[in-house]
Amino acid sequence: MTSSVLFDISAGAYIAAMITYVIYLVVRNRTTGIVATSITIFGFVCQTAALAMRWVHSYYFWMASNPTSGFVEATLRGAPLRNLYESLIFFVWSLMLIHLIFEFKYKNRSLGAFVTPLAALALLFIDISGATKEIQPLIPALQSNWLLFHVFLSFIGYAAFGVSFGAATAYIVMVTESKTEKTYIFWSIITGIFILVLVGMGIDFLSLSSAERAELFQNHFLKSTIRSSSGGVVAVSSIVSVAFIFLLWHLGIRLKKVLEGLNLTPAMLDEIAYKSIAVGFPLFTIGGLLMGAIWANSAWGKYWTWDPKETWSLITWFVYALYLHARFVAGWRGKRVAILSVVGFIAVIFTYLGVNLVLSGLHAYGSG
Amino acid sequence: MEDKEKKDIFESIWKFFASVRLAIVVLIVLAGSSIIGTIVEQKAEPAKNITLLAKFFGDSAAPTVYNIFAKLGFMDMYGSWWFTTFLAVFSVNLIVCSIDRFPKTWRVIKKPQKPLSDSAIKSMPIRKDLTFRTGLDTAKEQFLKSLKASRYRVNESSEENTVRLYTQKGRYARLAVYVVHLSILLIFAGAIIGVRYGFKGYLNLPEGRSSSVAYISPTEPIELGFVVKCNWYDTQYYVDSDTPREFQSELSIFENGKEVLKKTIEVNDPLKYKGITFFQSSYGMMPDTVGYFVLDIAPAGGPEKRVWLRLGDSFEIPGTGITGMINDFSTALTRDRDTGKLNTYSKNMVNPAVAIEFAEPGRDTYTGWILKRYPDTGFLPGGHSVKFADYWGVEYTGLQVTKDPGVWLIYLASTLMGVGLYICFFISHKKIWINITGNKKSVRVAIGGSTNRNRINFEKEIDKIISRASESIEGGQPSKK
């Protein structure tokens, strides 16, 4: 069995798990919950095996070009964290790892219904972004021992922020009293945009030839809908988008009843949202910002150049620092900090993917 | 009177800078304003940003908007006076609020822990109540042992029929947040030292040339204090692919005409000499330059000999009578898949190849292409070999040349911040009180605990301490009350 088959199996398992978790939300039957968890664990095991196989594979790939490398060097250079595809796979893996830890720690499965969709979206994103799945040679800039630690810790951090985002969005729905609350409107817009962007990319994907798909992210992002050259298409997609967000706003509050029926409490969601940031913040600071700076210094002699990727990770850092200080020092609670968690994750997505849309730099995942 | 007024002003300024509200505002402003610089391209040609602005504001308004933005410093915003001011306010805020809060934290740390009454233990965030059929001394002994096994240093106080054990761990973890704040300030300090006493320059050095200066800008040379020479530059490629595997240059350092250091540098592996670091950053071809063809020639079974030749030059493979003449060169040779014709597909030396016309007494001359990346192409009939080692003297290496005397502070601060954050989030200040009351036959144990974070883990730890003690006491579970 090859690693890509295993990846596909794990992707299938996560999507099945997502469906099962949602069914669990509705039927609240213990067996369904156990099935959902089992499918998730099965997917996670498959994915772990697939990552290990890909690592071994790229170890030999590196050795083929660098026969004089030692074991440690080839292992570090072979780490499957080199391009968009591998990083997304790793993001999903970290997300599921953190989710499983929380599920066992809090003995509550309901969160799965909010985290697995994020994993499914990332998996969907892999396919519609047209990211290459081949093992690619490592460009000289990435041939550093820092690569593994920098990327690994950053992504565990991103995934922790993702779990916090899941908990915070669920929290906002749970504490909403009426549809006219600003937080709830904010929630509807953000969730709506999330779904719309993915749907838009799906339409891009379907309307492109397979050769163009490889450059969807760089050249064709949302060009079939909202960024189309035809004014009519733009108008229709705008109206549909606004209508969708309105519908989400109108119906989203029903989720509250579903959540209330489970043994989820706002206090628990609030704690998960915080705990995830408490794990993610130090890892992201150390692995993402500090190690990134040290690596940049050893490769280019500049530890900080205000390039957009760096700046956006600093913005992300500011937002989460704000979260922690607002919560612990200023005593903010509830909806206000939940919004900060959501804003923080938007910054994460922008750091991770958005910057690459706007321009290509050293973090462009070797697309050039 | 005047003194009091001065004091009031000072106090209100102090309060302003110590306030968490300021911290929140500054963080929001820094995060928000940083976004501008990621949209508007920094330190770019005006035309680039005007084109960008035209997309938002229309062609006619764009130049005006550009001028306003430029006046606001948006085109080089991270160096602008207002952004620097915000960073300064951020630093003052960090310093003042840390000084403001530190004494309180220090008091909490230094405050001696006191034994508590049973009723005080009942109001603790974590509390357990147990009874055992055992003597007071045994119970005390076992709980002491269990606490010690969890690495607590236990204090005790006794009264008649009551023993009070109390202990705490991790109180200095409360200082971690100050370490993190300090490390941010150290990073700023390091950055300021770097800007004031260091430089960031570049140097494009052709193969075979030397320089005693680097450049901060084309008109601003800076003396290195020694001479650096590029012996050669080379791009290596992955097998059968045009993906670069490594960019390499061999550099030599000369002092008073004597070579003192030689190193092959790569991306991620620079050369350091006297506080100045040379990084491999780019490369390129020099226009209108003629180089040398470097060939390694060997007769069958014989030793290799290196020769340096110009286009049109001839050589002889020693002892064979075979001569070769260089008659063509391609920077990137390929064979067209459809027509089968040879052509050059890049001006860069992606796949350099040299055409050599061989002549041998009694045979027709023949011409063959020898490719640098494919040494097999240099094997001739009869076991002789002519390998194309390099076309030397036409490429330059692009070096990033920096001096940063503040960088050690950055490293120190990064380490401090990493350790500080780890302690801050993963180590908590935990306190435990255990009151044991009873006689020789049965005891009542009241346990209370408090922590500043990670309560769930702490509860588990207390459960473990209890089960360890109770197992030793009665070889089983305690009878819960």
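The values are calculated or read from the model by the stated rules, or taken from the named source; none is laboratory data. Owing to the predicted nature of the structure, the values given are computational and were not obtained by experimental measurement. Ideal geometry is used to build each Cβ from the backbone, glycine not excepted, and the neighbour counts take in all protein chains shown. Heads up: the accessible areas ignore ligands, DNA and RNA and are worked out on the full protein's heavy atoms, side chains in. Shrake-Rupley method; radii C 1.70, N 1.55, O 1.52, S 1.80 Å.
A few remarks follow.
- Single residue of A:Thr265, A:Thr311 found to be among the β-branched types (Val, Ile, Thr) and within 12 Å of chain B (Cβ to nearest Cβ): A:Thr311
- Checklist (1) out of contact with any Phe, Trp or Tyr (no Cβ under 7 Å at 6 or more places or on another chain); (2) modelled with pLDDT of 90 or more applied to B:Arg310, failing item: (1)
- Extreme residue, farthest from the chain's Cα centre (by Cα), among residues of the stretch B:326-344 that are surrounded by 14 or more Cβ atoms within 10 Å (Cβ to Cβ) and either among the small types (Gly, Ala, Ser) or in a loop (DSSP other than H, G, I, E, B) (or both): B:Ser330
- Any helices (runs of 4 or more DSSP H) falling wholly within the stretch B:8-71 and containing at least 2 residues that are over 19 Å from B:Leu87 (Cβ atoms) and within 14 Å of chain A (Cβ to nearest Cβ): B:46-57
- On inspection, B:Glu395 qualifies as of a type in the set (Asp, Glu) and crowded, with 20+ Cβ neighbours inside 10 Å.
- Close pairs (7 angstrom Cβ cut-off, 6 or more residues apart or separate chains): under 15 Å from B:Val29 (Cβ atoms) and of a type outside the set (Asp, Glu) in the stretch B:82-109, open to solvent by less than 60 Å² (accessible area, probe 1.4 Å) and outside any helix (DSSP H, G or I) anywhere: B:Trp82/B:Gly73
- When A:Gly292 is tested against (1) within 9 Å of chain B (Cβ to nearest Cβ); (2) touching a helix residue (DSSP H, G or I) at 6+ places or on another chain (Cβ under 7 Å), exactly one condition is not met: (1).
Here's the yes/no breakdown for (1) in a helix (DSSP H, G or I); (2) open to solvent by 20 Å² or more (accessible area, probe 1.4 Å):
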| position | (1), (2) |
| --- | --- |
| A:Ala52 | yes, yes |
| A:Trp55 | yes, yes |
| A:Ala79 | no, no |
| A:Phe91 | yes, no |
| A:Ser110 | no, no |
| A:Ala120 | yes, no |
| A:Ile135 | no, yes |
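- Within the stretch A:156-173, being of a type outside the set (Val, Ile, Thr) and open to solvent by 10 Å² or more (accessible area, probe 1.4 Å) holds for A:Tyr158, A:Phe165, A:Tyr171.
- The single condition from (1) more than 10 Å from chain B (Cβ to nearest Cβ); (2) in contact (Cβ under 8 Å) with a residue 12 or more places away in the chain; (3) among the aliphatic types (A, V, I, L, M) that A:Val279 fails is (1).
- Selected residue (only one of B:Phe90, B:Phe74, B:Phe86 is open to solvent by less than 40 Å² (accessible area, probe 1.4 Å), under 28 Å from the mean Cα position of the chain (by Cα), closer than 20 Å to A:Leu322 by Cα and aromatic (Phe, Trp, Tyr)): B:Phe90
- Any hit, the stretch A:98-107, residues being β-branched (Val, Ile, Thr) and within 14 Å of chain B (Cβ to nearest Cβ): yes
- Residues being among the acidic types (Asp, Glu) and either in contact with a Ser or Thr (Cβ under 9 Å, 6 or more places away or on another chain) or at the interface with chain A (Cβ under 9 Å from one of its Cβ atoms) (or both) - total across the stretch B:220-243: 3
- Look at (1) under 30 Å from B:Ile216 (Cα atoms); (2) facing chain A (nearest Cβ under 9 Å); (3) among the polar types (S, T, N, Q) and you find that B:Thr415 fails only one, number (1).
- Exclusive hit being more than 14 Å from chain A (Cβ to nearest Cβ), in contact with a strand residue (DSSP E or B) (Cβ under 7 Å, 6 or more places away or on another chain) and surrounded by 19 or more Cβ atoms within 10 Å (Cβ to Cβ), set B:Ile322, B:Ile265: B:Ile322
- Selected residue (only one of A:Thr305, A:Thr316 is more than 7 Å from every other protein chain (Cβ to nearest Cβ) and more than 24 Å from the chain's Cα centre (by Cα)): A:Thr305
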